[in-house]
Amino acid sequence: MKIGIVGTGAVGCACALAAVTRGSAREIVLVNRTRKTAAAVATDIRYGTPLGPKIDIADGDYEDLAGSGLVMITAGVNEKTGGATDRNDPQGRLRLLDKNAAIYREIVPRIASAAPEAVLLVVTDPPDPLADAAREAAPKARVISAGTFLDSLRFRVHLGRHFGVDPAQVEAQVIGDHGTSQVFLWSSARVGGVPVAALLKKRGEALKDIREQLEKDVRYANITIIEGHDASQYGIGIVAARIAEMVLRDERAVIPIGSLQKEFGVTLSLPSVVGRDGVVAVLQPELSDEEREGLHKSAASLKVALDHVKEGRS
């Protein structure tokens, strides 16, 4: 089993470290615009591999991605460099789309040519419209976006903190886009099978008492992290490694992850079955009227962003 990682900036390095630590694959190849950087990262991590699962990690060029079951794409301008760290900016990560779409148009055909059987996992922000850009650049490629998987984990962590329970026992999802218009599925959120609304009522709390602040904590978690550490990298690194495992092992795990939703005409996240071919099925969750409206707004914002990019190229 082989993973390729294109881009060895902060996020690419975190993805590589997480994949090595977790034993996500037998072989990992790092590709970067400056190969010397990829070589340095591979060498640094390699020195720790005797203490973990058997893994070979090396630097390479695009042709060395051949045989990969999944290629993570992390190349591009990050939030801090791209000026996407203003909580009051409704564009959020979408501010990075123009520059990163141009980068994707250059590198994705090379990835797809070298590894035509690989699932391409878009990690670069904003991942959902960039997945559409990747699909346009390589129409035959199987493209998925990291989407709202990380947002859903953040949602679970914050709910776990509020109720004083292990987040692993919390069932809660964020769908739509990995951005400011993401949709929190409060109607189906549960702790140990008990609806969050019922738990709040028992505690003498109302949903409105916690909803606004908790959603802000999740929606702007990346900015909070960047304000203290320059880059939001470790959470997404672990998430990307876990997605790679689902694909390489054909796990058929169900997570909220981004794929092309024909109903909306854009890539966005819904609960999906993930296996060797990427997203192999999409599940339609029951939504409240408010959640359904939010999902349509999320799709609309993504479509506007993509149309803007296309207009800029015409």
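Of note:
- Förster-model FRET efficiency, 25 Å R0, ASP56 and ALA253, C-beta, rounded to 0.05: 0.45
- Sorted fewest first by neighbouring Cβ atoms within 10 angstrom, ILE238, ILE144, ILE5, ILE73 come out as ILE238, ILE144, ILE73, ILE5.
- For the range 29-36, putting each phi into the Karplus relation 6.51 cos²θ - 1.76 cosθ + 1.60 with θ = phi - 60° gives couplings of 10, 9, 10, 9, 3, 9, 4, 4 Hz, in residue order, rounded to whole numbers and with x for Gly and Pro.
- Length-normalised contact order for the chain - Cα pairs under 8 Å, 6+ apart - percent: 19
- Subtracting the Cα-Cα distance of GLU263 and GLU227 from 0.36 nm times their residue separation leaves 9.2 nm of extension gain.
- Segments 89-98, 15-24, 205-214 sorted - mean Cβ within 10 Å per residue, highest first: 15-24, 89-98, 205-214
- Considering helices alone, the calculated mean residue ellipticity of the chain at 222 nm is -14000 deg cm²/dmol, with DSSP H runs of length four and up weighted by -39500 (n - 2.57) and normalised per residue.
- Amide proton proximity set for SER272, modelled H, under 5 Å, gap of 5+: ILE255, ILE257, LEU283
- This structure gives P(r) over Cα pairs in 20 Å bins from 0, in percent, computed directly, and of (1) 32, 61, 7; (2) 34, 58, 8, 0; (3) 30, 49, 20, 1 that value is listed as (2).
- Order of TYR234, TYR104 - criterion: other Cβ atoms within 10 Å of each residue's Cβ, fewest first: TYR234, TYR104
- Amide N proximity, the range 248-270 versus LYS303 label position 7 Å along Cα-to-Cβ, cut-off under 14 Å: 261-268
- Amide H partners (placed H, <5 Å) of LEU70, local residues excluded: LYS2, GLY4, VAL119
- A cut-off under 13 angstrom between Cβ atoms defines the neighbours of ALA231, and their net charge, with Lys, Arg +1 and Asp, Glu -1, is -3.
- Residue order, fewest to most beta carbons within 10 Å, for VAL304, VAL119, VAL282: VAL304, VAL282, VAL119
- For VAL143, the residues whose amide H sits under 5 Å from its own are LEU120, ignoring neighbours fewer than 5 places away on the same chain, with H placed 1.01 Å from N.
- Highest-fluctuation residue, SER259, SER113, SER145 considered, GNM on the chain with Cα pairs under 10 Å: SER113
Since every read-out is calculated from the coordinates, none of them should be taken as a lab result. Remember, predicted model here, so these are calculated numbers, not experimental data. As a convention, Cβ positions derive from the backbone with ideal geometry for all residues, glycine included, and neighbour counts pool all protein chains shown.
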